[in-house]
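The values are calculated or read from the model by the stated rules, or taken from the named source; none is laboratory data. All figures in this text were calculated on a predicted structure; none of them were measured in a lab. For neighbour counting, all protein chains shown are included, and Cβ atoms are generated from backbone atoms with ideal geometry for every residue, glycine included.
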Amino acid sequence: MKKIRKAVLPVAGFGTRVLPATKTIPKEMLPIVDRPALQYVVDEARAAGIEHFVFVTGRNKGAIEDYFDRAYELEYSLRQKGKTEIYEALDADTPEAGTMSFVRQQSALGLGHAIWCARDVIGDDPFAILLPDVLVKAKKSCLAQMVDAYYQVGGNIIAVDQVPHERVSNYGVIAPKGRQDGKRLIEMSAMVEKPAIADAPSNLKITGRYILQPEIMDILKTQAAGAGGEIQLTDAMAALMAKQSFHAYEYEGEDYDCGSKYGYFEAVVAYAMDHPEIGEEARNLLLSRCQNIGK
Ligand code: G1P
């Protein structure tokens with residue numbers, strides 16, 4: 001079975017739900033305490049063995065490319081001033097040269113189209129997709145959990161999680177068939193993008209982490225627009241499911257939708273509470289604020 005070495009991260013979206021913060025800053029660069037949201041996603045992918053990152057970018061996203069580059073003046077100045085720890089932390093986050101590719105999605109035609117823009121870099125290899133709007137806070141990287149499952153069953157794997165039924169219309173939703181090992185791997189009979197509440201086949205939403213076979217690109221090439229008038233990855237996956245094995249994986253962890261105001265706020269609180277430097281203070285602050293609510 002081929003190793004999952006490459007990951008596609010679509011980062012072309014405008015971030016309209018968190019304007020005006022995203023007017024000049026890509027939403028993926030908004031800080032969760034002291035690290036950009038995107039860095040957490042890259043960390044998750046690295047922990048799963050990803051060696052090459054393909055960013056699908058758009059206009060006004062230059063800050064992302066610069067972020068993964070070296071900052072010579074800054075690094076020099078930190079070293080001169082003896083701020084070794086800060087320098088070393090920055091250095092550890094800097095990717096090895098040649099391990100990041102940037103392709104451009106010239107028109108906002110949907111997630112499926114964004115993924116298709118990466119086809120030449122992906123080639124004939126199975127690959128991962130991580131939607132950087134979604135942070136998954138977990139003991140073991142969510143994608144690493146999925147890679148383990150992939151080595152058991154192969155094919156295609158998508159991360160799912162339960163949501164309250166009234167929120168299913170915001171997501172791709174799967175129709176489960178049964179479970180292997182009585183555990184987290186779920187067989188599926190269908191999937192549908194943003195169904196009406198009454199039509200949703202379950203309350204298992206697709207979370208934004210995928211391991212897919214390269215044949216998805218052939219389907220995406222001619223995939224017609226679906227929900228919201230956009231070329232949907234879910235529709236292409238549903239077509240691929242007729243030909244290849246597909247499993248859903250109910251991961252262990254909490255997900256946060258950082259593309260929304262409330263999800264972003266939740267993520268900042270959750271990551272601050274566990275932060276090695278400010279975690280204790282953050283927990284104490286929240287505790288005292290909660291005691292004062294309503295007084
Ligand atoms: C995308 C996918 C959807 C998935 C969601 C997860 O939708 O199309 O299937 O459930 O991400 O966040 P979007 O949020 O881009 O509309």
- Can you run down the residue pairs with Cβ atoms below 7 Å, 6 or more apart or on separate chains, where the first is in the range 115-139 and in a helix (DSSP H, G or I) and the partner is within 11 Å of the ligand (Cβ to nearest atom)? I115/P10; I115/I129; I115/L233
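Taking helices (runs of 4 or more DSSP H) that fall entirely within the range 1-104, which contain at least 2 residues that are under 24 Å from L143 (Cβ atoms) and without any contact (Cβ under 8 Å) to a residue 60 or more places away in the chain? Spell out the reasoning first.
On the way: elements: 37-47, 62-67, 72-80, 84-93.
Correct list: 37-47, 62-67, 84-93.
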- Please work out which one of (1) more than 10 Å from the ligand (Cβ to nearest atom); (2) crowded, with 17+ Cβ neighbours inside 10 Å is the condition V168 fails and give its number. (1)
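Only one of these is out of contact with any Cys (no Cβ under 8 Å at 6 or more places or on another chain) and away from the ligand (no atom under 11 Å from the Cβ): I186, I174. Name it. Can you show your working first?
Details: I174 fails: away from the ligand (no atom under 11 Å from the Cβ).
Sole residue among the options that is out of contact with any Cys (no Cβ under 8 Å at 6 or more places or on another chain) and away from the ligand (no atom under 11 Å from the Cβ): I186.
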- Query: Among the listed residues D93, D148, D181, which satisfies the condition of being modelled with pLDDT of 95 or more and surrounded by fewer than 16 Cβ atoms within 10 Å (Cβ to Cβ)?
  - Reply: D148
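Yes or no, residue by residue, for (1) farther than 26 Å from P214 by Cα; (2) away from the ligand (no atom under 16 Å from the Cβ); (3) modelled with pLDDT of 90 or more:
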{"position": "N60", "(1), (2), (3)": "yes, yes, no"}
{"position": "A63", "(1), (2), (3)": "yes, yes, yes"}
{"position": "Y67", "(1), (2), (3)": "yes, yes, yes"}
{"position": "S77", "(1), (2), (3)": "yes, yes, yes"}
{"position": "Q80", "(1), (2), (3)": "yes, yes, yes"}
{"position": "M100", "(1), (2), (3)": "no, yes, yes"}
{"position": "L109", "(1), (2), (3)": "no, no, yes"}
{"position": "C117", "(1), (2), (3)": "no, no, yes"}
- Filter the range 152-202 for residues that are within 23 Å of E215 (Cα to Cα), part of a strand (DSSP E or B) and among the small types (G, A, S) and give the result. A159, G172, A175, S189, A190
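Tell me which residues, restricted to the range 212-247, are under 13 Å from I115 (Cβ atoms), in a helix (DSSP H, G or I), within 16 Å of the ligand (Cβ to nearest atom) and of a type in the set (A, V, I, L, M, F, W, C). Spell out the reasoning first.
Pass one, the range 212-247, residues under 13 Å from I115 (Cβ atoms): 212-221, 223, 230-237, 240.
Next cut, in a helix (DSSP H, G or I) only: 216-221, 233-237, 240.
Still in the running and within 16 Å of the ligand (Cβ to nearest atom): 216, 219-220, 233-237, 240.
Those that are under 13 Å from I115 (Cβ atoms), in a helix (DSSP H, G or I), within 16 Å of the ligand (Cβ to nearest atom) and of a type in the set (A, V, I, L, M, F, W, C): I216, I219, L220, L233, A236, M237, L240.
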- Note on the structure: Residue hits (the range 195-222; surrounded by fewer than 20 Cβ atoms within 10 Å (Cβ to Cβ) and either β-branched (V, I, T) or under 13 Å from L111 (Cβ atoms) (or both)) are I197, I219, T222
